[in-house]
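A short write-up of the structure that comes next.
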Amino acid sequence: MASVSRRRATDDPAWAKALVIGVVAVFLALVLILPLAAVFAEALRKGLGAALEAINNADALAAVKLTLLTAAISVPFNAAFGLCAAWAIAKHEFLGKPLLITLIDLPFSVSPVVAGLIYVLIFGLQGWFGEYLVDNDIKIIFAVPGIVLATVFVTFPFVARELIPLMQEQGNSEEEAAVSMGAGGLYTFWRVTAPNVRWGLMYGVLLCNARAMGEFGAVSVVSGHIRGLTNTMPLHVEILYNEYDFVGAFAVAALLCLLAVVTLVLKTALEVAQPGMRGRGGH
Amino acid sequence: MTISIRSVEKKFGRYPALNKVDLEIADGELLALLGPSGSGKTTLLRTIAGLEFPDAGQVLFDGQDVTFASAADRRVGFVFQQYALFKHMTVAKNIAFGLDVRKGKDKPSKAEIARRVEELLKLVELDGLGKRYPSQLSGGQRQRVALSRALAVQPSVLLLDEPFGALDATVRKSLRKELRRVHDATGVTTIFVTHDQEEALELADRVAILNKGQIEQIGTPDQVHDQPETAFVCGFVGEANCFEGEVGGGQFNAGALRLPSGGVREGAATAYVRPHDFVLDDGGFEVRVDRAHVQGALTTVNATAADGRPIEISASRAEAVRFQGTVKIAARKAHVYAA
């Protein structure tokens, strides 16, 4: 018996398909896979022992800790804010809504370096609140709070941007149904709205986390690069590299890559577990 | 529960959705709000539900002003057009929602809620499906879940927005009977919105026909079909041939067509004739028969008048045999409205 034809009306000729796929594959190999491979190759050039040693010292470990701490503060904050913002924008009408949507996108359109400078301008020694902060012995710039603030700023849109289209598509009718049966606002939010966007929320949180751990520009401006104190992993990589400690630099970079890979694997696992999450979310 | 709508107005931006609507709904009645899309029927239903609030006018439940009362306080059961079932909850949880949400001594015990859910599942013939999720149900089953969820709170009024809109023809038919049966079993005042005149006429005790934010006519299915008060109702409810012409000399004239004018003042007018009101009549006007096709017990005859107007005639199959070649027909009855 003849095999079932899988041809479809929209299929392009084989050579065209091969060409397009080939172009994408070569491009990905050159700009994504090759550099990634290079990072691991460089890190392991003097053997696994040397690489592990480069990570296992006080400064590198402090950088890892600071990076995780920064992500641990900024990600939950942005998840909560993003959920609130998406809920307000997608489910309600209010004055200034277009302005709020634009503001949420601001961190994407502003250079991270500028974002860092904004905080220096506000909280720095010569900044608006500089004198007050010095008088009260509060350190923001060149200290952990500044790093967290800069990271929050840069990673701010991820969750909201993920949730707004999802919530808009889901519309208001489930909420209306809940309200018509006597549910209050908070009950409706926790029992109806939130469960409907949980996969989108997790996806946004993962993206937000990946960026929070990897942020360089804004953090670089506010950090002050004090080893063991205000160095995050990306900053530590730069310092080691500039000191010609290539194995160390690439070893820390490889660790950072691994964190990113873990995030992406989690994201993919989520997509496999919940095929509808990027769209209708069910049905 | 009687419901009174008193000169309710509602605008969306500059667009008037409801324009001084008055409507009285009797206790235990099954009422259809019928109209084309954009006629304001869904807005009216949502205003009764407390999901929209009018710009002017009043909504009374049993004489009590509830114009600005919340949906929950009105104790309405609402079935949404796309059902709006909670996707992440089982069917049983969906139905129990309105009971679970209650607080303190109003909240029934777990066993009581479970018993009520079972009862409702039985009422809509879905016993045994309580543990399923909405995505595992067919369209018709989802619609039944939505109906029993709305009934779970023992609403004083049941409101349904295009309840059969998303279903295919056979399911639609059986669910219509189902809704009628549930209504008769519970006796709850029920209002449903539809754009399908057949559905409205079959199901409802009374039909309110809306057009452009106003009620054109309220009456029993017989009344709105046989005695349409406005040209819009006549054209919208039931099949009708429409003729533009004028009234003069005591009758309606449009080309060779002559119809009884029924006392409409002289001048430009529009006449509607139901296909079954055309009969063979030697004193009538000539039409050429183009095609006849069988529709159940009746035959639909497509004909053309001398001046080229298409005319649709409906006759019994025995009678239809006589529609051959060129015949003379007249209208037993015509609805004529001054333009």
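Any read-out appearing in this document is the output of simple, stated calculations on the displayed coordinates, not a laboratory observation. The structure displayed is predicted, hence computed values, not measured ones. Backbone-built Cβ (ideal geometry, glycine too); neighbour counts: all protein chains shown.
Quick rundown of the values:
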quantity	calculated
Label-point gap, in nm, between residue B:279 and residue B:198 - each point 7 angstrom along Cα→Cβ	2.7
Additional length obtainable on full extension of the chain from residue A:6 to residue A:265, 0.36 nm per residue less Cα span	90.1 nm
Gained length - residue A:172 relative to residue A:273, 0.36 nm times residue gap less alpha-carbon distance	33.8 nm
Average beta carbon contacts from partner chains per residue of B:94-105, 10 Å cutoff	3
Cβ-derived FRET efficiency at R0 22 Å, residue A:246 paired with residue A:28, nearest 0.05	0.30
Residue exposure sequence - A:87, A:15 - by fewest surrounding Cβ within 10 Å	A:15, A:87
Loop sites in region B:183-268: trypsin sites (Lys or Arg not before Pro), DSSP, at most 11 other Cβ within 10 Å	B:265
Residues listed by number, region B:7-26, amide nitrogen under 15 Å from residue B:67 label point at 7 Å toward C-beta	B:7-11, B:19-23
Furthest towards positive pole of dipole, B:159, B:44, B:80, structure part region B:3-234, Cβ charges	B:80
DSSP beta bridges in region B:3-234 [antiparallel fraction, %, rounded to 5]	50
Signed unit charges on C-beta, dipole axis of chain A, positive-most listed residue A:218, A:9, A:205	A:9
For peptides A:248-254, B:133-139, A:112-118, A:210-216, sequence by mean Cβ density within 10 Å, most packed first	A:248-254, A:210-216, A:112-118, B:133-139
Acute angle (nearest 10 degrees) that the helix B:139-152 long axis makes with the longest principal axis of chain B, alpha-carbon atoms	60
Spatial separation of Cα centroids for region B:196-228 and region B:269-314, in angstrom	25
Top positive-direction residue, dipole computed over chain A with Cβ charges, set A:266, A:110, A:47	A:266
Contact order normalised by residue count of chain B, Cα under 8 Å, 6+ apart, percent	16
Cross-link table B:87/B:131; B:10/B:212; B:93/B:131; A:97/B:41, entries beyond 20 Å C-alpha to C-alpha	A:97/B:41
Computed label-point distance, nm, for sites residue B:9 and residue B:268 using a 7 Å Cα→Cβ extension	2.9
Pairwise FRET efficiency - residue B:227 versus residue B:294, Cβ, R0 = 30 Å, nearest 0.05	0.50
Residue B:19/residue B:312 FRET efficiency (R0 35 Å; Cβ-Cβ; nearest 0.05)	0.60
Paramagnetic label zone (point 7 Å from Cα along Cα-to-C-beta, residue B:212; backbone N under 20 Å) in region B:1-27	B:7-23
Selection of chymotrypsin sites (Phe, Trp or Tyr not before Pro), region B:60-145, meeting DSSP coil and at most 15 other Cβ within 10 Å	B:68
Virtual spin-label span in nm between residue A:72 and residue A:40, 7 Å along Cα→Cβ	2.8
Region B:121-209: GluC sites (Glu not before Pro) in DSSP loop, at most 14 other beta carbons within 10 Å	B:125
